[in-house]
1. Out of the stretch B:247-267, which residues are small (Gly, Ala, Ser) and either touching a Leu at 6+ places or on another chain (Cβ under 8 Å) or not assigned by TED's automatic domain parsing to the domain that holds B:THR429 (or both)?
2. What are the pairs with Cβ atoms under 8 angstrom where one residue, in the stretch A:412-441, is free of Cβ contacts under 8 Å to residues at least 60 places away in the same chain and within 16 Å of A:LYS220 (Cα to Cα) and the other, located anywhere, is in a strand (DSSP E or B) and of a type in the set (D, E, K, R)? Sequence gap at least six, or different chains.
3. Run down B:ILE374, B:ILE356 and say which single residue is at pLDDT 95 or above, among the β-branched types (Val, Ile, Thr) and more than 20 Å from the chain's Cα centre (by Cα).
4. Scan the stretch B:15-54 for residues that are among the aliphatic types (A, V, I, L, M) and closer than 17 Å to B:VAL163 by Cα and jot them down.
5. Could you tell me whether A:THR66 is buried (at least 20 other Cβ atoms within 10 Å of the Cβ), more than 9 Å from chain B (Cβ to nearest Cβ) and not in a helix (DSSP H, G or I)?
6. Could you go through the stretch B:258-265 and let me know if any residue there is closer than 30 Å to B:GLN110 by Cα and without any contact (Cβ under 8 Å) to a residue 60 or more places away in the chain.
7. Identify, by number, the condition in (1) free of Cβ contacts under 8 Å to residues at least 24 places away in the same chain; (2) part of a helix (DSSP H, G or I) that B:LYS230 doesn't meet.
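The values are calculated or read from the model by the stated rules, or taken from the named source; none is laboratory data. All values reported here derive from a predicted model rather than from experimental measurement. Because the Cβ atoms are built from the backbone with ideal geometry, glycine has one as well, and the counts that use them run over all protein chains shown.
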Amino acid sequence: MSEIMAKTEEIVKKGKALGADEVIATTAFAEYRQSRFSNNQIDIGVAWNDYTTDVLLTWKKRVVATQIRNFENVATTMEKLFKLAKASQENPLYGGVAQGKFKYAKPMADEAVRDVRDPSEYINEAIEAAKKHIGKNIDSGGILFTKYEQIFLVSSEGPEGMDERSAIELSIRAFAARDESGHGVECNSSLKGFKPARAGEKAGEIAKMAKNPKPGKTGKYDIIFEPLFFGSMLGHYGPMGSAFNVMTKMSVFIDKLGHRVAPEIVTICDNPGKYSVNNRVFDDEGVPVKETVFIDKGVLKTYFHNTSTAKIFKTQTTGHAGIVQPHPWSLEMNAGDMSRDEMFKEVKRGLYLTNTWYTRFQNFTTGDFSTIPRDGALWIENGEIKESWKAIRLSDNIQNLFASIAGVSKERLHVHWWGEAEPPSLSPYVLARNIQITRPE
Amino acid sequence: MEKDIVDYCLEYAKSKKTEYAEAKAVDTDVENIMLKNGLLDAFAVTTDSGFNVRILAEGGLGFASSNKWTKQEAKHVVDMAYKMAKNANRKDKIKFAEEKAVKTKWDVEQKKKVENVSSEDKIKRLLEVDKAVMSQKANVVSRMFIYTTLLTKEYFVNSEGSVISCFVPKLEVMPIGVTVVEGGKTEQLPYKWYGYTGGWEAFEAWKLDEDIAREVQVLQRLLKEGKAIKPSKMDLVCGPEVTGIACHESCGHPMEADRILGREMSQAGRSFIYPDGPYWIGSQIGSDLVTIIDDPTIANSYGYYLYDDEGIKARPRYLYKNGVINEFLQNRETAAKLGTRSNGASRSVNYDREAIVRMANTYLQPGDMSEKEIFEDIKHGVFMNSFTEWNIDDVRFNQRYIGREAYLIENGELKAPVPRPIIETTTKTFWTAVDAVSKKVEFVSASCGKGDPGQGIPVDTGGPLIRLKGVHVR
């Protein structure tokens, strides 16, 4: 592997020799595997291998980038890139990349993930677990996904490191009948502790509760969010903390540093730790990643920064580069003190929403949005599930949603699903009061 | 692109016990320019190049790809695809609908080659757009523009004898987060998409400086003069952008045969149309004025293609015809299951993604009314010319659109802007309420999301003005 590092370093040296101010080269050898299933059968097995080197080059505050494949035509590509920098324009706000040598944590990738070549046993395990709740007439679909990435980063400004990242994910949506469904996910960085049956059980349990759904009613209700649903909300809320999104007004956090944005029971961090499917030891500038407290007891503590945005905001990088756009890697909402049962007892008239999709905003500065609950949407009266609903929409404001949080569970789940619960998160059950639900008229 | 590697993949795949095999190479020159608040934030130029193999063996499908152009890697890719196909171990064996082999080459002409426009000129033109936006008498506090060129060469071969190559250039511009503040209130154009298949001539035709400046004026006027309406049943006129998104979301998507058969059940969802369900081919879904077509062959459209990614010749598909569910979007796999033929709807976004059933350019067929006639009979209503937030449930029945540019209509005349009017309705209610359709069709580009991992694919959406009689607007 030192050969790959040496080739990556050659790219950096070539850029510097041409006259570049800064060069970062990141070589990734990646193996991804996926099995997609529906109607309880595997539709397709997919394998894709990627061998790429991403190159960032700056010259007189001009930022250009390219990708080199298989270390081919390095000299020509770098010359073209340098020419592009000369044709480009200065960005006076560009504040450079990280400088100096860093010590990194030891990568904890699990090589066993690479050897999962026949995924059907995991898929069958999940389907069988769902069947325990909804019987043999189950219809189910989903994916089993594995990734194994080897990353080699060399920066002309000092950082140099190697990372190995692994993940295995199973997502299953189980149907007891056409409109009675539940969704579960199992996400892990390692094969050890990966239990696909947990996802199947969750999907089956929810599908069973979703029996005979009736069209829901418009109103303001207390809502208990399943971790998969709330992971999706975190996935929209957290990235708004990127300094880039604050600068481009695609955020509800403009001018809110140090201000209360949620009640005291809400603490949200970013932490691409060992367990996360988005685990890593350094960011795209080679800055070591760490736990970053984003919202502390309801107060906004920081934006997510790379070196350049940190300079604009007169602070330090938080290890969230993206060279152009800093972003959170893997969000964590701190556990609360409630059990799920206690949370249900708190609800006189409300809903337990288990999953959602198609979240869209009217205006990112105000946070007005709607999202469409899918799978089990369960009506609660006096702490008990009374019936199943369908055809509803959560139509509210994301600032209001987080400000209305009245309960956070002790239990948390690591969730990541398709484009909806993205980036991954460690999400609890959450109780929010007085949230607007609408339906078609 | 090394065609001999692709040919080798096919020959090697054919040496195995397969029912079908195909191999494809994709080379794309990508150019990205990002202008943020008037400054050039980043400029990226990349050549993305790789190949894939898809194999049907023992009734299972396997797909593998790589960007390492060696014979050894090609062999490995074929072996992986073959193994994955066999691992599927399906009870219900996958079959492909019969098709004849095609040998052809199709290239999209650029009237003005984008390769001949210098990087400096492209930056200059984007800065001119930015300047036009900032010269409006409005407090524009943020704006971002992303320009992209994609020059794509493809080479496709399959075990039935098809050999197809093509060259497809595309241009895209996306304004993002154009934000106007007035009196402490904010209005925003979250996203807009300009897309074209062809050359630099698109940039001239779009007149971005005028169009995005107009968007700023609309937001400014809304902030100054916007007047909320009282929720009630009224007539709603939808502009081409709103008609187009409704065609895409509540006709195009539910008519994708892979959804109908459940293959997307865990991700993009299913459809309100399904075997033995309440809706099928022949069911009434809208008024007889509603004919919605998906047509990949519209010259220079963003979703343009002549052969799909299974080598099937493209043609217009009449999805809803005179208000009746008429024809699904099919690939070879879904067509075999439903006892029909593919209609060329199989698309993938790159070499590393499997081709799945997709739309191309989905629009409502024009009617015979003038725009004046559409409005003149309305005593009280709303004109929703464009939309901001929108979404639809995963069976494509419960949807809502919120107006970005919208006006009150009184006695046939447009009055004050209406801030974010909402229609939240069902597919059947929406299309059944259509009682008037204008003559002129306009298109708006978009990136359609589907697949896992996601494949945002270029599409156009569009239509004429349509009038919905007596729908609830709030």
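1. Initial filter on the stretch B:247-267 (small (Gly, Ala, Ser)): B:250, B:252, B:257, B:262, B:266.
Residues satisfying the conditions are B:GLY252, B:ALA257.
2. Short answer, once both residue conditions are applied: A:PRO440/B:ARG400; A:PRO440/B:GLU424.
3. On the way: B:ILE356 fails: more than 20 Å from the chain's Cα centre (by Cα).
Answer to the selection: B:ILE374.
4. Applying the first criterion (among the aliphatic types (A, V, I, L, M)) to the stretch B:15-54 yields B:21, B:23, B:25-26, B:30, B:33-35, B:39-40, B:42, B:44-45, B:53.
The answer is B:ALA21, B:ALA23, B:ALA25, B:VAL26, B:VAL53.
5. So A:THR66 fails the test.
6. Of the residues in the stretch B:258-265, the ones closer than 30 Å to B:GLN110 by Cα are none.
No - not one qualifying residue is present in the stretch B:258-265.
7. Exception for B:LYS230: condition (2).
Conditions (1) in a loop (DSSP other than H, G, I, E, B); (2) away from chain B (no Cβ under 13 Å); (3) surrounded by 15 or more Cβ atoms within 10 Å (Cβ to Cβ), marked per residue:
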{"residue": "A:LEU84", "(1), (2), (3)": "no, no, yes"}
{"residue": "A:ASN91", "(1), (2), (3)": "yes, no, yes"}
{"residue": "A:TYR94", "(1), (2), (3)": "yes, no, yes"}
{"residue": "A:PRO107", "(1), (2), (3)": "yes, yes, yes"}
